[in-house]
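Participant: The structure's right below; bear with me while I get my questions together.
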Amino acid sequence: MGNFDKRIGVISIITKMKPGLGKTAMMKLIFLLQVVCKIPLGYDFNIYTYGPYSSRVMEDIDWARHQNIISVETVVYHTEHCGYSLKPSNNIEKIIKKESDFISTYQSDIEKVIRLFGNKAAKELELLTTIVYLHRNYIMNNWNCNREEISKNVHEIKPHFDISEIQREYSYLDELGFLK
């Protein structure tokens, strides 16, 4: 099972440490852990409507729910929109214990990402992770990579974000060392 059990272990520990996260927020935290913190989870992310997306993350969340590791509850927000709330369930401790070596290896990274981004709204995480995604793409392709260029391209993909907001978040991520 290898990576699969490790992925479920990471989803479980995040859920235990930050109960109530939505599926989109979980996706973005996992993206940051894999891409920035280099946790070898084996997900493939592509840019999508709400930023970086991996269908396998959603499949893993559903699998964990079916195995009674986490619960997934529907939440209706005051804006009438629906979302999900991930919470620990009966079998969560089993997978955390089973993957304790892997989890403990990356515990400080997991705690850091939750501390920095765990209280952000899904829309904020969409912007932050899109910046990271594009920045990584530029670096991989040896393209000219700076705040103005990345911000302009994020704005083209996500026109609902103001260019000054994108630049501000780019600087924030850069200060944190997330754009290295």
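Participant: Rank by packing, highest mean first: peptides 39-48, 15-24, with packing defined as the count of other Cβ atoms within 10 Å averaged across residues.
Facilitator: Values: 39-48: 15.9, 15-24: 17.8.
Averaged packing, sorted descending, gives the order 15-24, 39-48.
Participant: Sorted from largest down, give the three principal axis spans of the alpha carbons of the chain, whole angstrom values.
Facilitator: The principal-axis extents, from largest down, are 47, 39, 25 Å.
Participant: I want the local charge near Leu29. Using Cβ-Cβ distances under 10 Å, sum +1 for each Lys or Arg and -1 for each Asp or Glu among the other residues.
Facilitator: +3
Participant: While we're on this one: Quick one: how many lysine pairs does the stretch 1-116 have with C-alpha atoms less than 16 Å apart and a gap of 8 or more or different chains? Give me the count, please.
Facilitator: Value for the stretch 1-116: 17.
Participant: Quick check on the stretch 54-103: what does the Kirkwood estimate of hydrodynamic radius come out to from the alpha carbon pairs, in Å?
Facilitator: Working: mean 1/r = 0.0824 Å⁻¹.
For the stretch 54-103, inverting the mean 1/r across all distinct Cα pairs yields 12.1 Å.
Participant: Mind putting a number on the dipole of the stretch 1-116 about its Cα centre? Charges go on the C-beta only, +1 for Lys and Arg and -1 for Asp and Glu, and I need it in Debye to the nearest 20.
Facilitator: Dipole magnitude for the stretch 1-116 comes out near 220 debye.
Participant: Over all distinct alpha-carbon pairs, what is the Kirkwood Rh of the stretch 87-129 in angstrom?
Facilitator: 12.2
Participant: Of Asp60, Asp101, Asp109, which is the most mobile in a GNM of the chain whose springs link Cα atoms less than 10 angstrom apart?
Facilitator: With Cα springs under 10 Å in the chain, the top fluctuation among Asp60, Asp101, Asp109 is at Asp101.
Participant: Then there is this: For the stretch 120-180, state what percent of all Cα-Cα pairs lands in each successive 5 Å bin, counting from 0 Å until the bin that includes the largest distance.
Facilitator: With 5 Å bins starting at 0, P(r) equals 4, 20, 34, 27, 12, 3, 0.
Participant: If I take the Cα coordinates of the stretch 45-133 and project them onto the principal axes, what are the three extents in Å, biggest first?
Facilitator: Computed over the Cα atoms, the extents are 36, 28, 23 Å.
Participant: Hey, for a label at Glu124 modelled as a point 7 Å past Cα toward Cβ, could you say which residues of the stretch 1-39 have their backbone N under 15 Å away?
Facilitator: 21-22, 25-26, 28-29
Participant: While we're on this one: Build a GNM of the chain with springs between Cα atoms under 10 Å: which of Val76, Val132, Val36 gets the top mean-square fluctuation?
Facilitator: Between Val76, Val132, Val36, it is Val76 that shows the largest mean-square fluctuation.
Participant: What whole-number distance in Å separates the alpha-carbon centres of the stretch 14-79 and the stretch 81-158?
Facilitator: Between the Cα centres of the stretch 14-79 and the stretch 81-158 lies a distance of 9 Å.
Participant: What is the angle, in °, between the Cα long axis of helix 122-140 and the longest principal axis of the Cα atoms in the chain? Nearest 10 is fine, range 0 to 90.
Facilitator: 70
Participant: Against the longest alpha carbon principal axis of the chain, how many degrees, from 0 to 90 and to the nearest 10, is the axis of helix 163-176 turned?
Facilitator: Approximately 60 degrees, to the nearest ten.
A short reminder: the numbers here are calculations on the coordinates, not readings from a lab. Just so it is clear, the structure is predicted and the values come from calculations on it, not from any experiment. Every residue, glycine among them, receives a Cβ derived from its backbone with ideal geometry; neighbour counts consider all protein chains shown.
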